[in-house]
Amino acid sequence: MSIELVAAGLRTAKHVVIFTGAGASAESGIPTFRDALTGLWEHFDASKLATAEAFLADPSLCWGWYEWRRMKVVQASPNPAHRAIAQLASLVPKVTVITQNVDDLHERAGSRDVIHLHGSLHSPRCIDCHTPHSRPLPSVTLSECGSRIDPPECEVCGGYIRPGVVWFGEMLPEVAWDKAMDEAQTCDMFLSVGTSGMVYPAAELPLHALRYRATVAHINPQIFETSHDEYFLQGGASEVMTDVLAKAFGGLLLED
Ligand code: BJW
Ligand code: ZN
C-alpha cells in the first residue's frame, strides 16, 4: 500500500520537504482558494480578485475581502496536519516547509523558517513605494457577507496599502523561490499536501524534486493524475499526515 511505502521512505529520509496548499488549512476553517465565494464577493471568482487590476479598479471591495480573510485566519487555530508537520522536524534530520498559503498556521503550530511563496496576509505594504505598513490593522467584525473597507494610506507617500500577497502576474519573492527550488532539488522525500497544483511556478516544485530523484507523494481528498513514479495518498491532510507519521515513527510520537 502506498501509505506504507511513504512511511518507510519517511523513516529513512535525511531531508524532507513539505509543500502545502490551501487544503492544509481547510480543516482550520480557512476556505480553499477555489471554493465558491459568498456574500459581497459571490459574483467573483478568487482568481479575479487576486490581481492588481481588481485592487486598483475597486480598492475597498478587494481590501474588504482580504481583511475578511485575515480575520478568519486570526480566529483560526492550526489543525492536526500543521501539528504533524511541525512534529516531523524532531523526527527527521532536516525538514523544510514550503507553503503557498498566506496564513501563519504553520508557524503557530511550531514550524520554523517556513518559506512563503505567495506572501502573507500579515505583511501589508504600499502599492506605490512598497514601504511596509507599520501601524497595526484594526480588528474587523466577521460577517459572511463581509463589507467594503477602505484600505489605509501609506504614511510615506499617501498611496494605498495593499495586502502583502503575490497576485497573478506578479513575480514570486526571489529569495523564497530560489530557496524552494534548491530544497526541492536536494531533498530525498517531497510531500505535497492539499494543493490543486494549478498555479505556476509553484506547481513546478514536485516535478523538480522528482527530476532530482526524490520520492514524491501527494496528499489530497480529490484524486488527480500523477506520473507512475509518484505516490498518491487519498484523504484529508490531518488524517493522512497523522497516519503516515504514526506508521513511520509509531512509538516516538507524543500524544496531543
Ligand atoms: C484538501 C482538503 C483537506 C481540500 N486536506 N487537501 C505557466 C502556465 C500557465 C500559466 C502560468 C504559467 N506560469 C505562470 C502563469 C500565470 C499564473 C498561473 O499560474 N496561472 C494559472 C492559474 C494557470 N502565475 C502567476 O501569475 C505567478 N506569477 C508568475 O508566474 O510571475 C511571472 C510572470 C510575471 C508577469 C507575467 C507573467 C508571468 C503568480 C502566482 C500567484 C498566485 N497567487 C495566489 C493568490 C495569493 C493571494 C491570495 O491568497 O489571495 O495564491 S492564487 C492562489 O492559488 C493562491 C494559492 O496559494 C494558489 C494555489 O492554490 P492551492 O493552494 O492549490 O489551492 P486550491 O484551492 O487550488 O486547491 C486546494 C486543494 O486542497 C484542492 O486540490 C482540494 O482538493 C484540496 N483539499 N480539502 C487536503 N482537508
Ligand atoms: Zn507609499
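The values are calculated or read from the model by the stated rules, or taken from the named source; none is laboratory data. Computed from a prediction, not measured in an experiment: that's the story for all the values here. Methodologically, a virtual Cβ is constructed for each residue, glycine included, from the backbone with ideal geometry; neighbour enumeration extends over all protein chains shown.
Within the bounds of the stretch 156-173, is there any residue that is at pLDDT below 95, assigned to a loop (DSSP other than H, G, I, E, B) and within 24 Å of the chain's Cα centre (by Cα)? No: zero hits. Put simply, of Gly23, Gly29 the only residue that is on the phi > 0 side of the Ramachandran plot and either away from ligand 2 (no atom under 16 Å from the Cβ) or not hydrophobic (A, V, I, L, M, F, W, C) (or both) is Gly29. Would a scan of the stretch 26-45 turn up a residue that is among the β-branched types (Val, Ile, Thr), under 28 Å from Met171 (Cα atoms) and buried (at least 24 other Cβ atoms within 10 Å of the Cβ)? No, there is no match, as no residue in the stretch 26-45 is among the β-branched types (Val, Ile, Thr), under 28 Å from Met171 (Cα atoms) and buried (at least 24 other Cβ atoms within 10 Å of the Cβ).
Kindly provide the set of residues from the stretch 145-166 that are among the charged types (D, E, K, R) and either under 20 Å from Glu53 (Cβ atoms) or touching a helix residue (DSSP H, G or I) at 6+ places or on another chain (Cβ under 9 Å) (or both), ordered by number.
Within the stretch 145-166, Arg148, Asp150, Arg162 meet the criteria.
Of the helices (runs of 4 or more DSSP H) lying entirely inside the stretch 4-107, those carrying at least 2 residues that are under 28 Å from Ile149 (Cα atoms) and out of contact with any helix residue (DSSP H, G or I) (no Cβ under 9 Å at 6 or more places or on another chain) are 52-57, 59-75. A single member of Asp178, Asp150 is among the acidic types (Asp, Glu), in a helix (DSSP H, G or I) and surrounded by fewer than 16 Cβ atoms within 10 Å (Cβ to Cβ), and it is Asp178.
Looking only at the stretch 73-118, residues that are under 24 Å from Met198 (Cα atoms) and of a type outside the set (S, T, N, Q) come to 16 in all.
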